[in-house]
Amino acid sequence: MSNKKIILTGDRPTGRLHIGHYVGSLRRRVQIQNEGNFDKMYVMIADAQALTDNFDNPEKIRENIIEVALDYLSVGLDPSKITLFVQSYVKELTEITFYYMNLVTIARLHRNPTVKSEIEMRQFGGESIPAGFFTYPVSQAADITAFKGNIIPVGDDQLPMLEQTREIVRSFNRIYDTDILVEPKEVLPDNEACMRLPGTDGKAKMSKSLGNCIYLSDSSEELKKKIMGMYTDPNHIQVSDPGQVEGNMVFTYLDAFIKEDSFEKYAEIAKLDKEDDTLDKLKEHYKRGGLGDVKVKNFLYQILDAELAPIRERRKYYEARIEEVYKILEDGSKEAQKEAAKTLNEMKNAMKINYFEDKDLIASHVKKYENK
Ligand code: TRP
């Protein structure tokens, strides 16, 4: 077993990426990439996984691969340092999934909390869940292990997938008496607000269908409009009223996006009081009363706009180079495919299903029939 540091992660291409993706995982990926302390890093566009519940609408996936790729490049993922690829172009992943299916029970899949809640959300009644969707955690285990990924930057909704992957790794290594597969470990966001950034309306999760997202590609004007319309404290009517900070999206987003120099840079433009020079003090002021929503919203807008501006700029650069972006994905997919093929080969050796390469097997069968 090697102790290489291999980072692997990905997203389903069902829409543009939003700031929930950003604080939940993208920002961390870029940081890891730029620190450079790894052997290999892969970021995958999980189109095959997205098809498990969009099989009747492949057009949606086809349209969004480029969107996700543009979002990746615009946050600063750099194809000269890491490998960006498209899942379905690595056909070994489906073969690996097929062998892993044997190591997982239906009961275990039913217990996967992410699958459970997704089944409820999609209202598959009774036994009418498509088998492909039901088993996607197995395919995700293939995604991770095909590259021997051991560091997986994800949001906490992916923890059940990683747990299941570890179980598959242990089963495989035990049953086939090998140590080729590696157990992955998650890297989670370091603060609560980033773990599960709620939508601008205060609803549980940022999601396209709820229309409560701020996209990485939103213009400065769109951003401002969305922030000004954000859910705060419905009982905070007059500026002088005491306000609630919990469940107030403006403060939740500040928790997620505030930086050390945010007050120094933007407090004045947002017309905050001089005394309110930390987030804790700002919250206290809001709770006491006397601090209006518009000021806090404007402060948040300044911070977010500064964070998103370079992302928008880079997006523009790549939007003018679409063919180049497709080429990046194609080259990355070829490279990823080679790597996955190596692992699959090792797996087949461990399972002893490499019949044609197994000279001993052939010799033993020659012997078996020699003296007949
Ligand atoms: N399930 C992930 C999501 O919905 C996408 C994904 C597919 C993934 N394969 C992966 C994430 C492997 C990390 C590692 O966002």
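The values are calculated or read from the model by the stated rules, or taken from the named source; none is laboratory data. Every value quoted in this text rests on a predicted model; they were computed, and no experiment measured them. Every residue, glycine as well, gets a Cβ built from its backbone with ideal geometry; the counts of neighbours run over all protein chains shown. Ligands, DNA and RNA are excluded from the accessible area calculation, which covers all protein heavy atoms including side chains. Shrake-Rupley method; radii C 1.70, N 1.55, O 1.52, S 1.80 Å.
A count restricted to region 121-164 and to residues that are more than 16 Å from the chain's Cα centre (by Cα) and β-branched (Val, Ile, Thr) stands at 4. Is at least one residue of region 26-34 within 26 Å of Phe172 (Cα to Cα), within 14 Å of the ligand (Cβ to nearest atom) and in contact with a helix residue (DSSP H, G or I) (Cβ under 7 Å, 6 or more places away or on another chain)? Within region 26-34, none of the residues are within 26 Å of Phe172 (Cα to Cα), within 14 Å of the ligand (Cβ to nearest atom) and in contact with a helix residue (DSSP H, G or I) (Cβ under 7 Å, 6 or more places away or on another chain). The set of residues from region 73-97 being part of a helix (DSSP H, G or I), of a type in the set (A, V, I, L, M, F, W, C) and within 19 Å of the chain's Cα centre (by Cα) comprises Leu73, Val75, Leu93.
Taking each residue of region 266-295 that is over 18 Å from Ile227 (Cα atoms) and looking for partners that are open to solvent by 90 Å² or more (accessible area, probe 1.4 Å) and not in a loop (DSSP other than H, G, I, E, B) with beta-carbon atoms closer than 8 Å, six or more apart or interchain, yields Glu275/Lys281.
Listed here are the residues, each with its yes/no results for (1) in contact (Cβ under 8 Å) with a residue 24 or more places away in the chain; (2) away from the ligand (no atom under 13 Å from the Cβ); (3) open to solvent by 10 Å² or more (accessible area, probe 1.4 Å).
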{"site": "Leu103", "(1), (2), (3)": "yes, yes, yes"}
{"site": "Leu109", "(1), (2), (3)": "yes, yes, no"}
{"site": "Pro113", "(1), (2), (3)": "yes, yes, yes"}
{"site": "Glu120", "(1), (2), (3)": "no, yes, yes"}
{"site": "Gln123", "(1), (2), (3)": "no, yes, yes"}
{"site": "Glu127", "(1), (2), (3)": "no, yes, yes"}
{"site": "Pro130", "(1), (2), (3)": "yes, yes, yes"}
{"site": "Tyr136", "(1), (2), (3)": "yes, no, no"}
{"site": "Phe147", "(1), (2), (3)": "yes, no, no"}
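Residues in region 183-230 that are in a helix (DSSP H, G or I) and open to solvent by 30 Å² or more (accessible area, probe 1.4 Å): Glu192, Met195, Lys208, Ser209, Leu210, Glu221, Glu222, Lys224, Lys225, Lys226, Met228.
For Glu268, the stated conditions hold: it is surrounded by fewer than 20 Cβ atoms within 10 Å (Cβ to Cβ) and outside any helix (DSSP H, G or I).
For region 5-25, a residue qualifies if it is away from the ligand (no atom under 12 Å from the Cβ), open to solvent by less than 10 Å² (accessible area, probe 1.4 Å) and not in a helix (DSSP H, G or I), but none of them does. Open to solvent by less than 80 Å² (accessible area, probe 1.4 Å) and assigned to a helix (DSSP H, G or I): does that describe Asp233? Spelling it out, it is not the case that Asp233 is open to solvent by less than 80 Å² (accessible area, probe 1.4 Å) and assigned to a helix (DSSP H, G or I). Inside region 253-264, can you point out the residues that are more than 20 Å from Ile214 (Cβ to Cβ) and surrounded by 13 or more Cβ atoms within 10 Å (Cβ to Cβ)? The one that is more than 20 Å from Ile214 (Cβ to Cβ) and surrounded by 13 or more Cβ atoms within 10 Å (Cβ to Cβ): Phe263. Residues of region 342-369 that are part of a helix (DSSP H, G or I), open to solvent by 80 Å² or more (accessible area, probe 1.4 Å) and of a type in the set (D, E, K, R): Lys342, Glu357, Lys359, Asp360, Lys367, Lys368.
Let's see how each residue does on (1) in contact (Cβ under 8 Å) with a residue 40 or more places away in the chain; (2) within 14 Å of the ligand (Cβ to nearest atom); (3) touching a helix residue (DSSP H, G or I) at 6+ places or on another chain (Cβ under 8 Å); (4) of a type in the set (Phe, Trp, Tyr):
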{"position": "Gln158", "(1), (2), (3), (4)": "yes, yes, yes, no"}
{"position": "Met161", "(1), (2), (3), (4)": "yes, yes, yes, no"}
{"position": "Asp177", "(1), (2), (3), (4)": "yes, no, yes, no"}
{"position": "Glu183", "(1), (2), (3), (4)": "no, yes, yes, no"}
{"position": "Glu186", "(1), (2), (3), (4)": "no, yes, yes, no"}
{"position": "Asn191", "(1), (2), (3), (4)": "yes, no, yes, no"}
